[in-house]
Amino acid sequence: MTPEDDYTAQPFVPKRGRSLTALRDAAAGCRGCPLHRDATQTVFGAGKASARVMLVGEQPGDQEDRQGRPFVGPAGKLLDRALAEAGIDPADAYVTNAVKHFKFTQAEPRKRRIHKAPTLREATACGPWLAAELALVEPELIVVLGATAGKALLGSSFRVTQVRGTVLEEEIHGRPERLVPTVHPSAVLRADDREGAYRGLVSDLEVAAGALT
Ligand code: SF4
């Protein structure tokens, strides 16, 4: 494995004949950073190339790592409910993560795997996959789910509390994009006031829905 500064998925991203299927197949063999070593599999984005909105989360969780699809666990179910309530058809959304392998700690082999936040360097290493997804899907709007996705897309000074529920216009991977940041749905599940946190998520997604019309 290369030194940490050299971590990058770039050599694994196909240069020609790109399609979501080709990207997904290539990402299955990515060794751009050490996170592939302990995870079960690469969890690439899911959805149609024609999707109008792209949702970007942090990284796959335990269920996603086992099933190989993003947002299939409890946070994904909550996100689907919030999207529908805000007026965005979950079937018209492409969902992906800033980091495509599950990072976790585990006290012993049979113990529960505990989510561990990826570093900015790991998110940057995985960036070429997100850039390739954006270039193919060309979404009208990106919904940024939480701090890790925000820092990966908008830089280390990103603070979700300062910009959530607003429409930002930024250049992302060389393309002008419109983005609406909000919290990650797993933060809603962890909140003491879960109903209040959920209402906040729906409210931010309503801003995204309004920006799509
Ligand atoms: S986390 Fe991203 S860069 Fe690292 S091995 Fe997985 S797909 Fe490649």
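So how far apart, in nm, are the two label points at Glu4 and Thr213 if each is 7 Å from Cα heading toward Cβ?
Placing both labels 7 Å beyond Cα along the Cβ direction yields 4.7 nm.
Can you tell me how much longer the chain between Ala28 and Val167 gets when fully stretched, taken as 0.36 nm per residue apart minus their C-alpha distance, in nm with one decimal?
Length gained between Ala28 and Val167: 46.7 nm.
So what are the ³J(HN,Hα) numbers for segment 184-190, from phi and the Karplus equation (6.51, -1.76, 1.60; θ = phi - 60°), rounded to whole Hz, Gly and Pro as x?
6, x, 5, 5, 5, 5, 8
Test of understanding: what is the full-extension gain from Ser156 to Arg81, defined as 0.36 nm times their sequence separation minus their Cα-Cα distance?
Values: separation 75, 0.36 × 75 = 27.00 nm, distance 2.99 nm.
Working it through step by step, the gained length comes to 24.0 nm.
Count the net charge of all other residues whose Cβ sits under 15 Å from the Cβ of Gly47, scoring Lys and Arg as +1 and Asp and Glu as -1.
Residues near Gly47 contribute -2 overall.
Taking Cα pairs under 8 Å and at least six residues apart, what relative contact order does the chain come out at, in percent?
Reported relative contact order: 22 percent.
Compute the separation of the alpha-carbon centres of segment 136-213 and segment 1-80 and state it in Å as a whole number.
19
Once you have the Cα-Cα distance between Leu136 and Lys116, take 0.36 nm times their residue separation minus that, and quote the gain in nm to one decimal.
Between Leu136 and Lys116, full extension yields an extra 4.3 nm.
If you project the alpha carbons of the chain onto the principal axes, what extent comes out on each, in Å, largest first?
44, 42, 31 Å, listed from the longest principal axis down.
How do 147-153, 4-10, 134-140 rank on mean C-beta neighbours within 10 Å, highest first?
147-153, 134-140, 4-10
Among DSSP beta bridges whose residues both lie in segment 52-174, state the antiparallel percentage, nearest 5.
The antiparallel proportion sits near 20 percent.
Just so you know, all these numbers are worked out from the coordinates, no wet-lab data involved. From a predicted model like this one, the values you see are computed outputs, not experimental measurements. Neighbour counts are summed over all protein chains in view; Cβ atoms, including those assigned to glycine, are modelled from backbone coordinates with ideal geometry.
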